[in-house]
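In what follows, a single structure is set out as structure tokens and then discussed.
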Ligand code: NAD
Ligand code: LMR
């Protein structure tokens with residue numbers, strides 16, 4: 001470990017929640033920012049959950065992580081985001097019985113608007129934000145719209161969990177390791193309309209010495225359309241019904257993957273090609289996604305910035321309704337943007 005590295009400031013909101021608990025210890029152990037980068041943790045919670053967050057801070061101390069420089073627990077966004085370089089916005093208002101979609105968007109606007117403003121006023125210049133709390137893409141849009149002095153491309157939303165789920169499902173079907181699958185894209189919204197797209201994916205058959213083949217030659221297109229896409233898109237609901245609670249450790253793991261790749265780069269794969277993944281980032285109009293929406297794209301991270309990879313339009317020759325699937329999930333994001341605009345949240 002290089003003692004010369006200054007600590008980086010990481011803020012986790014909803015720190016006393018399930019995802020927060022699964023995240024904090026991995027961040028403190030160096031899994032997110034690197035094994036030689038000390039971290040200063042800021043835990044933001046609502047007043048009613050502060051004591052639980054303080055308990056987590058006690059456990060962090062008890063773990064004696066060499067990289068953990070400091071932990072602070074607060075309910076004040078101005079304190080939590082002071083000097084923040086990595087903001088993990090996990091805390092959100094869950095949907096309760098009888099709550100309409102508009103109510104949920106409004107309740108979350110009341111959280112992500114002020115947090116965006118606090119990031120605007122107090123964050124470090126190199127701040128990077130990932131929103132995990134649902135509806136993640138639109139919450140990220142709300143936060144970004146309240147942070148006018150922060151470049152919009154610093155606000156992202158988590159679709160890496162969907163991407164990881166897709167990798168795992170394809171690998172299992174093809175009978176290969178997850179490292180023998182690449183080129184999957186999750187398009188659009190982190191919701192049931194998302195489009196996990198295999199039309200440019202590849203599978204390496206025969207292990208490390210094997211050859212890469214188009215995924216839809218190894219698994220059939222009928223399976224992709226009828227089983228793979230709905231299984232990945234509805235995996236969050238499936239976990240809730242089987243586990244009795246929303247995914248937590250896998251969501252935390254994906255959040256770490258997202259922030260690590262953003263900060264340290266996606267690098268190159270075993271074939272020497274840029275390794276790509278999926279992330280919800282602000283649209284520059286690519287692939288017909290209206291500018292400004294925070295939508296999931298095929299991306300690489302280089303020099304600390306996400307970049308949309310061009311030339312990967314879903315292939316209608318392999319999946320006849322591919323274009324419609326992309327349009328449907330983007331239309332949902334557009335409707336959510338209209339709804340929060342109508343509510344005065346942007
Ligand atoms: P949880 O209910 O266990 O924890 C949420 C925590 O957020 C609670 O401790 C709550 O007190 C806190 N909180 C609420 N409002 C807050 C605010 N204004 N400031 C700070 N903290 C606040 O929930 P969880 O299982 O940790 O999930 C958190 C969110 O992540 C949910 O919205 C969930 O739907 C979402 N999620 C997203 C993905 C994804 O892939 N994007 C995956 C799984 C879960
Ligand atoms: C998930 O994908 O697991 C979650 O977004 C589900 C949820 O609604 O919390």
- Item | All positions within the range 192-221 that are in a loop (DSSP other than H, G, I, E, B) and surrounded by 19 or more Cβ atoms within 10 Å (Cβ to Cβ) | 194, 198, 199, 200, 201, 219
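So how many residues does the range 153-191 have that are outside any helix (DSSP H, G or I) and within 13 Å of ligand 2 (Cβ to nearest atom)?
The initial filter retains those residues of the range 153-191 that are outside any helix (DSSP H, G or I), namely 155-159, 175-177, 181-191.
In the following step, the residues that additionally are within 13 Å of ligand 2 (Cβ to nearest atom) were identified as 157-159, 186, 189-191.
So the count comes out to 7.
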- Checking residue 103 against (1) within 16 Å of ligand 2 (Cβ to nearest atom); (2) outside any helix (DSSP H, G or I); (3) surrounded by fewer than 16 Cβ atoms within 10 Å (Cβ to Cβ), which test does it fail? (2)
- Among the candidates 7, 38, which residue alone is touching a residue at least 40 places away in the same chain (Cβ under 8 Å) and more than 14 Å from ligand 1 (Cβ to nearest atom)? 7
- Query: Quick one: would you say residue 326 is part of a helix (DSSP H, G or I) and farther than 16 Å from residue 292 by Cβ?
  - Reply: yes
- Query: Quick check: anything in the range 79-92 surrounded by 15 or more Cβ atoms within 10 Å (Cβ to Cβ), within 16 Å of ligand 2 (Cβ to nearest atom), under 23 Å from the mean Cα position of the chain (by Cα) and without any contact (Cβ under 8 Å) to a residue 24 or more places away in the chain?
  - Reply: no
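Just checking, does the range 144-151 include any residue being more than 8 Å from ligand 1 (Cβ to nearest atom) and closer than 27 Å to residue 199 by Cβ?
Residues of the range 144-151 that are more than 8 Å from ligand 1 (Cβ to nearest atom), as a first pass: 144-151.
Checking which are closer than 27 Å to residue 199 by Cβ leaves us with none.
No, every residue in the range 144-151 fails to be more than 8 Å from ligand 1 (Cβ to nearest atom) and closer than 27 Å to residue 199 by Cβ.
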- Message: Being modelled with pLDDT of 95 or more and within 14 Å of ligand 1 (Cβ to nearest atom): is that true of residue 33 here?
- Response: no
- Given 116, 110, which one is out of contact with any helix residue (DSSP H, G or I) (no Cβ under 8 Å at 6 or more places or on another chain), free of Cβ contacts under 8 Å to residues at least 40 places away in the same chain and more than 20 Å from residue 252 (Cβ to Cβ)? 110
- Task: Restrict the check to the range 120-133 and report whether at least one residue is away from ligand 1 (no atom under 14 Å from the Cβ) and without any contact (Cβ under 8 Å) to a residue 40 or more places away in the chain.
- Result: yes
- Message: List the helices (runs of 4 or more DSSP H) inside the range 229-311, counting only whole elements, that have at least 1 residues being free of Cβ contacts under 8 Å to residues at least 40 places away in the same chain and closer than 18 Å to residue 199 by Cα.
- Response: 229-233
- Message: For the list (1) part of a helix (DSSP H, G or I); (2) away from ligand 2 (no atom under 16 Å from the Cβ); (3) surrounded by 12 or more Cβ atoms within 10 Å (Cβ to Cβ); (4) free of Cβ contacts under 8 Å to residues at least 12 places away in the same chain, I need the number of the one condition that residue 224 fails.
- Response: (4)
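Test of understanding: among 312, 319, 343, which residue is buried (at least 16 other Cβ atoms within 10 Å of the Cβ) and either closer than 30 Å to residue 102 by Cβ or more than 21 Å from the chain's Cα centre (by Cα) (or both)?
Details: 312 fails: either closer than 30 Å to residue 102 by Cβ or more than 21 Å from the chain's Cα centre (by Cα) (or both); 343 fails: buried (at least 16 other Cβ atoms within 10 Å of the Cβ).
On inspection, the qualifying residue turns out to be 319.
It is to be established whether one or more residues within the range 227-234 are surrounded by fewer than 19 Cβ atoms within 10 Å (Cβ to Cβ), within 30 Å of residue 337 (Cβ to Cβ) and away from ligand 2 (no atom under 16 Å from the Cβ). Steps first, answer last, please.
So in the range 227-234, the residues surrounded by fewer than 19 Cβ atoms within 10 Å (Cβ to Cβ) come out as 227, 230-231, 234.
Subsequent filtering for residues that are within 30 Å of residue 337 (Cβ to Cβ) retains 230-231, 234.
Of the ones still in play, those that are also away from ligand 2 (no atom under 16 Å from the Cβ) are none.
Scanning the range 227-234 turns up no residue that is surrounded by fewer than 19 Cβ atoms within 10 Å (Cβ to Cβ), within 30 Å of residue 337 (Cβ to Cβ) and away from ligand 2 (no atom under 16 Å from the Cβ).
The values are calculated or read from the model by the stated rules, or taken from the named source; none is laboratory data. As the structure is a computational prediction, the values presented were derived from the model and not from experiment. Glycine gets a Cβ as well: all are built from the backbone with ideal geometry, and neighbour counts include every protein chain shown.
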